[in-house]
Structure formats: structure tokens, C-alpha cells
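S.K.: Structure incoming, see below.
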Amino acid sequence: MSKANKETIMALEEEFVPVKMVADLFGSDPQDLRDMMREKPNPNGFNYQPIGNTFKIPKDAFIRWMGWA
């Protein structure tokens, strides 16, 4: 996967942004982001959906939160 940026995230065909891409965009480790999502609801203010041991970050909501829409 290439370095995440506005263009790569907006070009995603999937409904959700992978945690790895969000972590890459913020310059953090994906596991650190997952840990933060487990500990606090809506870290950094963006929405996500916990599903079992994974987290789904809705693409449209994330794009709006980033101010790209």
C-alpha cells in the first residue's frame, strides 16, 4: 500500500478507510490507533465502528471530518 494522502483515501472504492491508511496519514502506528479507539470513543473526533476486534472507519464521515468535502 502506498503512502496515504487525501487523493488515495478519496479514490478508495470501499465504503471504509483501512486503519492502516488513517494511521499512515497521521504518521502513527496502526496498532497505536487501534489501541486508542479501544480506550476512547471517537479518538480525535472522527467516527468509527467497532466490529469484533476490528474497527471500521466510514470513508464519507472521515472525509468530512478532515474537511475535504
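Quick note: the coordinates plus some simple rules give every number you see, no bench work behind them. Computed from a predicted model, the values in this text were never measured in an experiment. As a convention, Cβ positions derive from the backbone with ideal geometry for all residues, glycine included, and neighbour counts pool all protein chains shown.
S.K.: Give the peptides 52-60, 17-25 in descending order of average Cβ contacts within 10 Å, highest first. Before the final figure, lay out the partial values.
M.R.: Numbers: 52-60: 13.9, 17-25: 19.4.
Final packing ranking: 17-25, 52-60.
S.K.: What net charge is computed for the residues neighbouring V19, neighbours being all others with C-beta under 13 Å from the C-beta of V19, Lys and Arg scored +1, Asp and Glu -1? Could the numbers behind the result be given before it?
M.R.: Values: positive: K20, R34, R38, K56, K59; negative: E14, D24, D29, D32, D35.
So the surrounding residues net to 0.
S.K.: I'd like to know which of M10, M36, I57 lies farthest towards the positive end of the charge dipole of the chain, counting +1 on Cβ of Lys and Arg and -1 on Cβ of Asp and Glu.
M.R.: M36
S.K.: So what does log10 I(q)/I(0) come out to for the chain at q = 0.12, 0.19, 0.25, 0.28 Å⁻¹, using the Debye formula with one equal point on every Cα and no solvent?
M.R.: -0.27, -0.70, -1.25, -1.54
S.K.: Only Cα pairs under 8 Å and at least 6 apart count here; give the relative contact order of the chain as a rounded whole percent. Walk me through the intermediate numbers first.
M.R.: Details: 64 pairs, mean separation 22.4, N = 69.
Value for the chain: 32 percent.
S.K.: May I ask for the net charge around F55, where only other residues with Cβ less than 10 Å from the Cβ of F55 are counted and Lys, Arg are +1 while Asp, Glu are -1?
M.R.: Working: positive: R34, R38, K56; negative: none.
Spelling it out: positives minus negatives among the neighbours equals +3.
S.K.: Compute the helix-to-body angle for 30-39: its Cα long axis versus the longest principal axis of the chain, expressed 0 to 90° and rounded to tens.
M.R.: 50
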